[in-house]
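Data first, discussion second: the structure below is written as structure tokens.
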Amino acid sequence: EGEPYNPQNVENSKQRIEKLYRQQGHFDVSASDDTIQEKVTYRPEERQVGISFIIKEGEPAYVRRIKIEGLTKTKDEVVRRELTFQPGDRANVDEFEESKRRLRNTGYFDRRASEPVDISLEPGEGALRDAIVKVEEGQTGSIFFGVGYSTESGVMGQAMLRERNFDLFNWPRSWNDVARETIGHYSSKAN
């Protein structure tokens with residue numbers, strides 16, 4: 001109240017209203033469709049503008065199941081333990097954002113991708129909806145080779161394999177497995 005009228009401020013307000021509703025599970029409320037409408041009333045004689053918002057909030061959504069897509073190496077439970085929500089919880093955009101941040105911080109997902117981790121609620125009707133967790137795995141392994149020469153020992157060599165996402169029960173069966181997990185990740189991205 002009392003501020004100069006600016007249509008961009010109205011759009012910004014609609015975005016904030018959308019976020020507030022999504023924090024409370026109302027994922028059908030969107031600033032980009034008719035679920036949030038503004039009504040502008042001009043009063044030229046008073047040099048004032050009145051703004052009202054009409055909101056169709058619908059029912060709040062609850063997480064029915066959590067579907068994880070895009071895993072090739074990382075185990076499902078590694079992703080699930082970083083999520084701050086679980087089935088039965090009321091959907092909350094803040095919990096989705098915190099979960100995305102935690103997943104990105106694991107270092108298992110491709111930081112070069114535009115969206116290495118995305119969490120959304122499936123579109124649809126009804127209170128129970130699946131949460132979709134989409135991930136794009138990054139390189140977690142690396143291999144280093146080194147060669148040196150010493151007058152005392154002669155030629156020396158060193159090889160080091162490092163894996164940050166190691167599974168104790170899933171050892172590489174061959175050098176092809178090692179190459180595919182370390183070097184092959186980049187070549188598949190290029191295709």
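The values are calculated or read from the model by the stated rules, or taken from the named source; none is laboratory data. For clarity, every value in this text was computed on a predicted model and none was experimentally measured. Cβ coordinates were reconstructed from backbone atoms using ideal geometry, including for glycine residues, and neighbour counts include every protein chain displayed. Note: accessible area is taken over every heavy atom of the protein model, side chains too, but ligands, DNA and RNA are not part of it. Shrake-Rupley method; radii C 1.70, N 1.55, O 1.52, S 1.80 Å.
Of all residues in segment 13-26, at least one satisfies being within 28 Å of the chain's Cα centre (by Cα), over 23 Å from residue 90 (Cα atoms) and surrounded by 10 or more Cβ atoms within 10 Å (Cβ to Cβ). Which residues, counting only those in segment 84-141, are open to solvent by 20 Å² or more (accessible area, probe 1.4 Å), touching a Phe, Trp or Tyr at 6+ places or on another chain (Cβ under 8 Å), in a loop (DSSP other than H, G, I, E, B) and of a type in the set (Gly, Ala, Ser)? Those that are open to solvent by 20 Å² or more (accessible area, probe 1.4 Å), touching a Phe, Trp or Tyr at 6+ places or on another chain (Cβ under 8 Å), in a loop (DSSP other than H, G, I, E, B) and of a type in the set (Gly, Ala, Ser): 88, 127. Scanning segment 38-50 for residues that are exposed (fewer than 13 other Cβ atoms within 10 Å of the Cβ) and of a type outside the set (Gly, Ala, Ser) returns 39, 40, 41, 42, 43, 44, 45, 46, 47, 48. Checked across segment 70-82, the condition of being open to solvent by 50 Å² or more (accessible area, probe 1.4 Å), in contact with a strand residue (DSSP E or B) (Cβ under 6 Å, 6 or more places away or on another chain) and within 27 Å of residue 29 (Cα to Cα) holds for no residue.
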